[in-house]
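The values are calculated or read from the model by the stated rules, or taken from the named source; none is laboratory data. Nothing here was measured: the structure is a model prediction, and the numbers come from that model. Note: ideal-geometry Cβ built from the backbone for every residue, glycine included; neighbour counts use all protein chains shown. Note: accessible area is taken over every heavy atom of the protein model, side chains too, but ligands, DNA and RNA are not part of it. Shrake-Rupley method; radii C 1.70, N 1.55, O 1.52, S 1.80 Å.
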Amino acid sequence: MTRFQSYMEDALACARAARDRGEVPVGAVIVAPDGQILARAGNRVRELSDPTAHAEILALRAACMAVGQERLTNHDLYVTLEPCPMCAAAISQARIGRLYYGASDPKSGGVAQAPRVFSHPQCHHRPEVYDGIAAVESERLMRAFFAGLRRT
């Protein structure tokens with residue numbers, strides 16, 4: 001039996017880098033079955049003027065390019081915030097094996113909140129989902145970022 005290793009600190013580093021660029025601080029890391037990190041990304045929505053440039057989408061694109069295929073079966077995705085419905089659908093399409101996320105997102109989440117993308121009968125693949133990984137730090141990053149916006 002292999003010992004579980006969290007890669008959430010790597011995702012948090014990506015979230016901090018996104019924050020430092022003025023982006024919503026969300027970070028994502030994709031890990032191959034052998035434990036190698038294939039992709040790291042933080043939000044780049046504003047920088048790229050692209051509403052789909054969420055950390056998860058960027059990491060999925062990079063990891064798929066790295067393995068040379070559109071499927072990431074048995075790969076793990078670590079993300080600091082509960083994925084939105086768009087990202088949850090992409091995670092399903094990529095066939096991610098396990099999803100680990102930090103903070104829940106009651107406003108825009110698509111995994112544990114409505115619309116619960118993985119619960120729909122039309123969802124072709126449902127990853128194993130583990131929530132609350134480094135949730136306190138993930139929530140702290142989000143709260144501080146949005147509090148800073150309200151002050152300006």
Between Val136 and Met65, what's the calculated FRET efficiency when r is the beta-carbon distance and R0 is 30 Å? Round to 0.05. 0.35
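Mind checking Rg over Rh on segment 29-152, alpha carbons, Kirkwood formula for Rh? Display every interim value, and only then the final one.
Values: Rg = 14.3 Å, Rh = 14.8 Å.
Ratio value, two decimals: 0.97.
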What figure in square angstrom, to the nearest 10, would you give for the accessible area of Asp50 with a 1.4 Å probe? 40 Å²
Quick one: what does P(r) look like for segment 40-104 with 5 Å bins over all Cα pairs, in whole %? 4, 18, 31, 28, 15, 5, 0
Using a 1.4 Å probe on the protein heavy atoms only, what accessible surface does Val31 show? Give it in Å² to the nearest 10. 0 Å²
With +1 on the Cβ of every Lys and Arg and -1 on the Cβ of every Asp and Glu, the dipole magnitude of segment 65-152 about its Cα centre, in debye rounded to the nearest 20, is 240 debye
Starting from segment 43-152, pick out the trypsin sites (Lys or Arg not before Pro) whose DSSP state is loop and whose Cβ has at most 10 other Cβ atoms within 10 Å. Lys107
Here the FRET efficiency for Arg21 versus Gln122, based on Cβ atoms and R0 = 35 Å and rounded to 0.05, is 0.50
In deg cm²/dmol, rounded to the nearest 500, the helical mean residue ellipticity at 222 nm of the chain, built from -39500 (n - 2.57) for every DSSP H run of length 4 or more, is -11500 deg cm²/dmol
List the residues, sorted by chain then number, that are 5 or more residues from Val24 or on another chain and whose placed amide H is less than 5 Å from its amide H. none
With θ set to phi - 60° and the Karplus curve 6.51 cos²θ - 1.76 cosθ + 1.60, what are the ³J(HN,Hα) couplings of segment 109-115 in order, to the nearest whole Hz, using x for Gly and Pro? x, x, 10, 9, 9, 4, x
